[in-house]
1. Which members of region 117-140 meet the condition of being buried (at least 19 other Cβ atoms within 10 Å of the Cβ) and closer than 18 Å to Ile68 by Cα?
2. Test Val152 against the stated conditions and say whether it is assigned to a loop (DSSP other than H, G, I, E, B) and either open to solvent by less than 60 Å² (accessible area, probe 1.4 Å) or in contact with a Ser or Thr (Cβ under 9 Å, 6 or more places away or on another chain) (or both).
3. Is there a residue being part of a helix (DSSP H, G or I), of a type in the set (S, T, N, Q) and over 16 Å from Met120 (Cβ atoms) anywhere in region 41-48?
4. Of the numbered conditions (1) at pLDDT 95 or above; (2) open to solvent by 30 Å² or more (accessible area, probe 1.4 Å); (3) under 22 Å from Val152 (Cα atoms), Leu43 satisfies every one except a single condition; which is it?
5. If you check Ser129, Ser125, which single one turns out to be in a helix (DSSP H, G or I) and more than 20 Å from Met47 (Cβ to Cβ)?
6. Taking the condition of being open to solvent by 80 Å² or more (accessible area, probe 1.4 Å) and assigned to a strand (DSSP E or B), how many residues in region 57-78 meet it?
7. Between a first residue in region 96-121 that is within 14 Å of Ala49 (Cα to Cα) and in a loop (DSSP other than H, G, I, E, B) and a second residue that is modelled with pLDDT of 95 or more and among the aromatic types (Phe, Trp, Tyr), which pairs have beta carbons less than 7 Å apart while being 6 or more apart in sequence or on different chains?
8. Would you confirm, using the coordinates I've provided, whether Ile23 is open to solvent by 50 Å² or more (accessible area, probe 1.4 Å), touching a helix residue (DSSP H, G or I) at 6+ places or on another chain (Cβ under 9 Å) and under 21 Å from Gly114 (Cβ atoms)?
Amino acid sequence: MKSGTAQRTAFSEEEIEKIFVAIEGRQDLILRRRDKAIAVVLLNSAMRASELLSMKVADFSSDGRITIIGKGGKRRTVALGRSGVQEVERYLKVRESKAKSLWLTNDGRPMSKGALKQSMRRVRSEVPSIDDGVFAHRFRHTAITRLLRGGVPLRAVQLYAGHSNPQTTLRYASAIDSEPAFDWINNL
């Protein structure tokens with residue numbers, strides 16, 4: 001497989017289910033809640049890893065919307081969804097720290113990109129059947145692909161994902177099966 005190919009591969013629904021089963025099977029309650037919240041937030045929001053890691057507890061609200069600062073210092077609002085809000089609330093209930101950063105390591109420090117990668121590698125080792133790997137950008141890709149498959153207009157997805165260039169969003173769209181278009185045209 002070429003380098004970078006996996007980063008453009010969305011998770012299947014079966015792979016997502018396996019990831020959640022692996023996370024739910026962990027012994028450490030705080031890490032279990034944190035990692036599930038991270039996975040759900042990434043799947044719902046299409047955030048980049050850096051955007052996720054910059055989240056503060058004060059940024060979180062139960063309405064499920066959060067304003068983040070993305071690439072190039074651009075601000076945008078994304079949704080965590082009901083499931084994201086629920087999982088973050090579950091995580092915050094068991095988290096023992098009053099730290100400002102939302103995502104913390106075992107020892108209470110703000111999660112770094114390295115710590116996030118380590119967490120994703122742990123999931124990958126627990127679910128070896130996921131051929132293309134487990135990493136934050138793949139969750140982002142899955143979220144964007146889901147939006148496009150759900151019929152959200154390309155321009156809206158571009159803005160939601162924080163893509164400056166629509167060609168970037170089109171690369172995600174290229175992974176979508178064209179079969180629904182044939183079905184639609186056949187029904188004319």
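The values are calculated or read from the model by the stated rules, or taken from the named source; none is laboratory data. Predicted model only: the values in this text are computed from it and were never measured. Please note: Cβ atoms are built from the backbone with ideal geometry, for glycine as well, and neighbour counts cover all protein chains shown. Only protein heavy atoms, including side chains, enter the accessible area calculation; ligands, DNA and RNA are left aside. Shrake-Rupley method; radii C 1.70, N 1.55, O 1.52, S 1.80 Å.
1. Ala136, Phe139, Arg140
2. Taking the combined requirement at face value, the residue satisfies it.
3. yes
4. Failing condition for Leu43: (2).
5. When all the criteria are applied, what remains is Ser125.
6. The number of residues fulfilling the criteria is 3.
7. Met111/Trp103
8. no
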